[in-house]
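**Student:** This structure is in structure tokens; I'll ask about it shortly.
The values are calculated or read from the model by the stated rules, or taken from the named source; none is laboratory data. What you see is a predicted model; the values in this text were computed from it and never measured. So basically every Cβ, Gly included, is an ideal-geometry build from the backbone, and we count neighbours across all protein chains shown.
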Ligand SMILES: N[C@@H](CCC(=O)N[C@@H](CS)C(=O)NCC(=O)O)C(=O)O
């Protein structure tokens, strides 16, 4: 008997969220196993070559790296969520890499130890947003259809929405196309359902616990008034 694929996850991980969005978009039934990344269980370290989530386990086969997991899911569950033209598809993949970089900058921004650190990461996010503003077709990255590249970026906006609520970052005012794209992604049922109902509280709590000072003060302390 074919078992449901198991997605090994950490509840706040943006890379896991990408794969959850894709599974939901494809209507694939799956089992989600959340692990504590601070104390990863031995069975996880045994199957995960990089020690990172997400990992998609299908019987004895193990797949890792969110972009690879998503492309595999896309291949076996048509219709495709990628452009049919190879160059366009490759460009989308390249932009999914930009999304990963931005997710990294966002992480460092929210946990920034001081103002200099904060400004550094804020600057790299603004640079990324400027470039994106010039290439988004709208309402989604490639136009009318929600595709894998949208799933790659959506977790960034789930988190920016919460960060902006706690402390305005001025990222969207100067980028109207990006703001509209973010709104379209955040309204997408798969994106809404890709995080737990307690995500906002859990996210702010994480910043409070792990923040290096400045980020924790800006986001988590102010968030106390919101949640
Ligand atoms: N490039 C990977 C990144 C995955 C990643 O960094 N996951 C983090 C959690 S959000 C992780 O597992 N970190 C554990 C570690 O680095 O030890 C992907 O796209 O799947």
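**Student:** Which residue out of 21, 35, 69 is touching a helix residue (DSSP H, G or I) at 6+ places or on another chain (Cβ under 6 Å) and without any contact (Cβ under 8 Å) to a residue 40 or more places away in the chain?
**Tutor:** Numbers: 21 fails: without any contact (Cβ under 8 Å) to a residue 40 or more places away in the chain; 69 fails: without any contact (Cβ under 8 Å) to a residue 40 or more places away in the chain.
It is 35.
**Student:** So, in the stretch 65-88, exactly how many residues are assigned to a loop (DSSP other than H, G, I, E, B) and exposed (fewer than 12 other Cβ atoms within 10 Å of the Cβ)? Walk me through it before giving the result.
**Tutor:** First, pick out the residues of the stretch 65-88 that are assigned to a loop (DSSP other than H, G, I, E, B): 65, 77-85.
If we keep only those that are exposed (fewer than 12 other Cβ atoms within 10 Å of the Cβ) too, we end up with 78-79, 84-85.
Residues flagged as assigned to a loop (DSSP other than H, G, I, E, B) and exposed (fewer than 12 other Cβ atoms within 10 Å of the Cβ) within the stretch 65-88 amount to 4.
**Student:** In this structure, is residue 132 within 21 Å of residue 214 (Cβ to Cβ) and surrounded by 15 or more Cβ atoms within 10 Å (Cβ to Cβ)? Let's see the steps before the verdict.
**Tutor:** Values: within 21 Å of residue 214 (Cβ to Cβ): no; surrounded by 15 or more Cβ atoms within 10 Å (Cβ to Cβ): yes.
Spelling it out, it is not the case that residue 132 is within 21 Å of residue 214 (Cβ to Cβ) and surrounded by 15 or more Cβ atoms within 10 Å (Cβ to Cβ).
**Student:** On to the next question. Looking only at residues in the stretch 177-212 that are over 21 Å from residue 131 (Cβ atoms) and free of Cβ contacts under 8 Å to residues at least 12 places away in the same chain, which one is surrounded by the most Cβ atoms within 10 Å (Cβ to Cβ)?
**Tutor:** Once the filter is applied, the top-ranked residue is 192.
**Student:** Just a yes or no: is a residue in the stretch 10-33 modelled with pLDDT under 95, within 16 Å of the ligand (Cβ to nearest atom) and closer than 19 Å to residue 189 by Cα? Outline the logic, then answer.
**Tutor:** Taking the stretch 10-33 first, the residues modelled with pLDDT under 95 are 11.
Add one more test, that the residue is within 16 Å of the ligand (Cβ to nearest atom), and what stays is 11.
Still in the running and closer than 19 Å to residue 189 by Cα: 11.
Checking the stretch 10-33: at least one residue is modelled with pLDDT under 95, within 16 Å of the ligand (Cβ to nearest atom) and closer than 19 Å to residue 189 by Cα.
**Student:** Also: Select from the stretch 1-41 the residues that are surrounded by fewer than 18 Cβ atoms within 10 Å (Cβ to Cβ) and part of a strand (DSSP E or B) and list them in ascending order.
**Tutor:** Residues satisfying the conditions are 6, 31, 32, 33, 34.
**Student:** Looking at (1) part of a helix (DSSP H, G or I); (2) away from the ligand (no atom under 15 Å from the Cβ); (3) out of contact with any helix residue (DSSP H, G or I) (no Cβ under 8 Å at 6 or more places or on another chain), which is the one condition that is false for residue 94?
**Tutor:** (2)
**Student:** Of all residues in the stretch 213-227, how many are surrounded by fewer than 20 Cβ atoms within 10 Å (Cβ to Cβ) and free of Cβ contacts under 8 Å to residues at least 60 places away in the same chain?
**Tutor:** Residues in the stretch 213-227 being surrounded by fewer than 20 Cβ atoms within 10 Å (Cβ to Cβ) and free of Cβ contacts under 8 Å to residues at least 60 places away in the same chain: 6 in total.
**Student:** Determine the pairs where a residue that is over 22 Å from residue 123 (Cβ atoms), located within the stretch 91-103, has a partner that is modelled with pLDDT under 95 and assigned to a helix (DSSP H, G or I) with Cβ atoms under 8 Å apart, the partner being 6 or more residues away or on another chain.
**Tutor:** Hits for this filter: zero, empty list.
**Student:** Going through the stretch 97-121 one residue at a time, which ones are surrounded by 17 or more Cβ atoms within 10 Å (Cβ to Cβ), modelled with pLDDT of 95 or more and either outside any helix (DSSP H, G or I) or away from the ligand (no atom under 16 Å from the Cβ) (or both)?
**Tutor:** Passing the criteria: only 121.
**Student:** When residue 44 is evaluated against the numbered criteria (1) free of Cβ contacts under 8 Å to residues at least 40 places away in the same chain; (2) in a loop (DSSP other than H, G, I, E, B), which criterion, by number, is the only one it fails?
**Tutor:** Only one criterion in (1) free of Cβ contacts under 8 Å to residues at least 40 places away in the same chain; (2) in a loop (DSSP other than H, G, I, E, B) is unmet by residue 44, namely (2).
**Student:** What about residue 62, is it more than 20 Å from the chain's Cα centre (by Cα) and surrounded by 15 or more Cβ atoms within 10 Å (Cβ to Cβ)?
**Tutor:** Numbers: more than 20 Å from the chain's Cα centre (by Cα): yes; surrounded by 15 or more Cβ atoms within 10 Å (Cβ to Cβ): yes.
Yes.
**Student:** Name the residues in the stretch 48-61 that are within 13 Å of the ligand (Cβ to nearest atom) and either in contact with a helix residue (DSSP H, G or I) (Cβ under 8 Å, 6 or more places away or on another chain) or not in a loop (DSSP other than H, G, I, E, B) (or both), would you? Lay out the reasoning, then the answer.
**Tutor:** If we filter the stretch 48-61 for residues that are within 13 Å of the ligand (Cβ to nearest atom), which is where we start, we get 48-56.
Within the stretch 48-61, 51, 52, 53, 54, 55, 56 meet the criteria.
**Student:** Quick check on this structure: which one of 80, 66 is under 19 Å from residue 191 (Cα atoms) and more than 10 Å from the ligand (Cβ to nearest atom)? Spell out how you get there, then give the answer.
**Tutor:** Values: 66 fails: more than 10 Å from the ligand (Cβ to nearest atom).
The unique qualifying residue is 80.
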